[in-house]
Amino acid sequence: MKNHLLEKALLLDANYIEENNESKIMLYLSNENGHFWVKDNDFSPYFFVAVGNDEASKTAKELLGLNFGDAERFCVKDAQLTNAIVKDKAVIKVTFFKVSHLVLARKIFSEMGFERYEYDVPFAKRYLLDMRLQPGNWIEYFVVDEEKIESNKINEDNKINEVDNSKSAESKKGVSGKFKSRVSNSSDGEDEENTTVVISGKVKVIKEIKVVDGPFGGKGVAFDLETKMGKKFTIGGEPILMVSIVANDVGELDEKKPNYERVISHGTKKVPKLEILESESEVVEKLIIELNKNDTSYIITYNGDNFDFAYTKERAKKLGLTFEVNGFVPLTRRHGLDNAVKLQGIQHIDSYQIMRFLQRTGAVNTAKLDIESVSEKVFGEFKEKVLPKEITEAWESKDVKKLARLVDYNLKDSRVAFRIAQQFLPLFVEISKLTSQTLYDTTRSTTSQMVEDLLLKETHYRGIIAPNKPKENEVIQRTQNPIKGAFVKEPMAGLHENIAVLDFASLYPSIITSHNISPDALNCAHDACKKNISPDGTWFCTKKKGLFPEILEKLLKQRLQLKREYKRKKKEEGIDDRVLFAKQWALKIILNSVYGYLGYPRARWYSRECASATTAWEREYIHETIKKSEVAGFKVLYGDTDSNFLLMLDKTKKDVENFVEEVNSKLPEGMELEIDGFYKRGIFVTKKEGGAAKKRYALMDEKGNLKIVGFEYVRRDWCIIARETQKKVLELVLSEGKPEKAVECVKRVLKELKEGKVEKKDLVIMTVLQRDTKDYDSIGPHVAAAKKAIARGKELGAGSMLSFIITKGGKGKQSISDKAELEEYVKEGDYDVEYYIENQLLPAVLKIVQELGYSKEDLLTGGKQTGLNAWG
DNA sequence: TAATTCGCTAGACCGA
DNA sequence: TCGGTCTAGCGAA
């Protein structure tokens, strides 16, 4: 045995090649020696089949003999009986030489009547999961050999899709593994750019790969295009006018370390920061060179999945240029309703996808996800928007001022895209570590995918076979049979003082672990376990820990520890450790998603019983806590799912602490009631139909901080003037307890509205067009406005964010929809005063002041001379 | 290619 | 014209 070399490198990507009629795993790594592909010869594609116990070994032998007519290799490389059991059946692991064989075999096996499992896990993903590798982290491995790669083709579509195997000749066509070095003849004398050549020639063959912790980092290059506006937009239809490029280390958040930045254009005037090249062709060439600089690990865009890559590709084609990155043509894949652009080795990070994820998980909340809104919301930096027609005009006019504005805009687009990646990649690295998926995948994943990947990883490790994805009819059936959810207590309407808010820490995960809720522990055969029966009637094993509780418990513990360490470091050392923060954040996202996953109809591990038992116990615990609160002498004001609002009455904070302690002493281990905070005042309002409204309240803490929940103020489908006035009213009412000022405030706004003085931007109502306009049964104002805009030539479809205003409208009786117009078609001052008073301002503030004894008339007329004492 | 249910409100729609 | 019902959207947890 020769001496093998031990190496370390950061893992970026996994894929596979076809070589000697076998599929071989390739990993893309980076370390101080640069970026390179390595090969692992020891992993082959496989899936499982389940057969009756008696025939198992016989079947395994038969499978081994299966031949699909391939000249060089048998289709089945290996068939081994495993220790796993699925539904009382023995499980055989069937291994293949090639992915294409697997794809063929699973169809044939199905026709032969075999039950198949894990047959739809893509090969490279399978490898990462089985090997428990962590893209974004480092690996250590032995180099055992060097081989010359014969086939330098990377499989084009790593995804194994059971339904669609009918690859067209076009998509089947392999991509070149070699990037031709392009000689730069640019006149600026910077003949600097070298390009990388990948997977040509020798690659290292590696063995004994294991994860070692190492720092995350590497060079990221962000780019952004500005294109000419044509009559009708098509991808690549008009020339690229300007390109900005920003590069730096994505692992560094050092503000002092300057970015590498350049903005290039052609056919216009030179202004500061702008380089003028000979032609569009040179601009595109330069961009391609920048994207192929030696040490790039991440290419960052903002919506590059749907725009920048496709546009560059199309223009390059028209200009006769080859557009390759790291030796491969960027691949566009369908990804749900939109696209995803995959590069080989280098990770394409689309910061827009990152923002979408953060928006979905509630980490950010912004009406629009355009770069301008994100810049403002996430970084607190105003960024000016330049409209498409202004872009073209600036470029054509060669006006110095307009061009400078455009250059600034273009550059900032790349900067913001880059900064988002820098800021949030640590989170996705931690998710990647948990799920063993590449950053490319993780940044485009949904929370359910993350949970499922984690489960696939954890079950493989334990020798458990994953359930199959449900068929469509099963999905429909599950959907039609929803699970009863959480309990929400009807609040007491009105103003209240001295409120303590309690809540359960990680309620659902803690219930799942405490009661061992897991599909594999459901209704076990042991009599003794029936004492662990849910209010729902299902029970869970108390003798053997189930899969879900085992995983969750581990994650919960880790998170608690990380949070403690993060806090300690911050307090004692004054260090805001973003890696620690990202680690606990990643865990939080996964933990919070597990309950939803159990009740998600498309989940492999869907379990109606488990999800239902979780909420059943939730309702029991919250009712129990409410009861105990009242016994302890508190009055329960409100509660939603995991929270309990107490009126303290004559009690002290200490009493609350003691109460919480008392409750905790009786809770099962792992569950914990916490004090969320103490509030000076709070208000709940009465619904239109009577009764107090749930999920709507405002609280003010001892420092005067206002927390508004559920009210119009937090809803984007209400106009700013109504929202802001509501906030002021709440502030005045809660901070001073005297509503006269609030009434005055409303009157001032009413006056402004009546006088037609309110600006357009304060009247805009925002709503997402959820489907194409033709698909609506009921034409609401936003749909009507969209239809009118479409008639004027605007392109709007499902997912478009609409900003509209209710205008004065024309003659005759008109509905609100008739008067709704998109903001851009409305002149300042053209708004329906009555609508904004009656349907926006008043509804937002009335329900609040009504709790204090004021009526609509009090707001509209002279009003009461003396307000009621708010709490008299 | 999609985590869940609970809840509020507006405005269209529709029949009397 | 009125009032009940349905569609639609968004937020809380």
| task | Just need the relative contact order of chain A here, percent rounded to a whole number, with Cα pairs under 8 Å and 6+ apart. | result | 9 percent
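If the viscosity is 1.002 mPa s and the temperature 20 °C, what Stokes-Einstein diffusion coefficient in µm²/s follows for the stretch A:369-416 when Rh is the Kirkwood radius over Cα pairs? Mind showing how you got there, number by number?
Working: Rh = 11.1 Å.
In µm²/s, the coefficient is 193.
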| task | Please work out the Cα center distance from the stretch A:760-834 to the stretch A:684-714, rounded to the nearest Å. | result | 29 Å
| request: Would you mind pulling out the separation of the Cα centroids of the stretch A:297-365 and the stretch A:535-585, in Å? | output: 34 Å
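Given the rule -39500 (n - 2.57) for each run of at least 4 DSSP H residues, summed and divided by the residues of chain A, what is its mean residue ellipticity at 222 nm, to the nearest 500 deg cm²/dmol? Don't skip to the answer; put the middle values down first.
Values: 24 runs with 301 residues, N = 872.
Result for chain A: -11000 deg cm²/dmol, rounded to the nearest 500.
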| query | Hey, fewest Cβ within 10 Å first, where do A:M766, A:M450, A:M492 land in order? | reply | A:M492, A:M766, A:M450
| Segment A:K148-A:V579, length gained on full extension (0.36 nm per residue, minus Cα span) | 151.3 nm
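Going highest first, how would you order A:702-712, A:778-788, A:388-398 by mean Cβ packing within 10 Å?
Values: A:702-712: 14.4, A:778-788: 19.2, A:388-398: 16.5.
Top to bottom by mean Cβ count within 10 Å: A:778-788, A:388-398, A:702-712.
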| task | Would you work out the relative contact order for the stretch A:486-642, in percent, from Cα pairs under 8 angstrom that are 6 or more residues apart? | result | 33 percent
| remark: By the mean-Cβ-within-10 Å protection proxy, highest first, A:554-563, A:328-337, A:276-285, A:725-734 rank as A:725-734, A:276-285, A:554-563, A:328-337
| remark: One would report the antiparallel percent of DSSP beta bridges in chain A, rounded to the nearest 5, as 90 percent
| Between the stretch A:396-463 and the stretch A:724-751, what's the alpha-carbon centroid distance in Å? | 42 Å
| Shape category assigned to chain A from the gyration tensor of Cα positions, a/c cut at 1.5 | oblate
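As a footprinting exposure proxy, order A:Y836, A:Y311 by other Cβ within 10 Å, with the fewest listed first.
Numbers: A:Y836 24, A:Y311 20.
Going from least to most buried by this count: A:Y311, A:Y836.
What order do you get for A:E828, A:E823 when you list them from fewest to most C-beta neighbours inside 10 Å?
A:E828, A:E823
Rule-based calculations on the coordinates, nothing more; no lab input. Note that this is a predicted model, so its numbers are computed, not measured. No Cβ is skipped: glycine too gets one built from the backbone with ideal geometry, and neighbour counts run over all protein chains shown.
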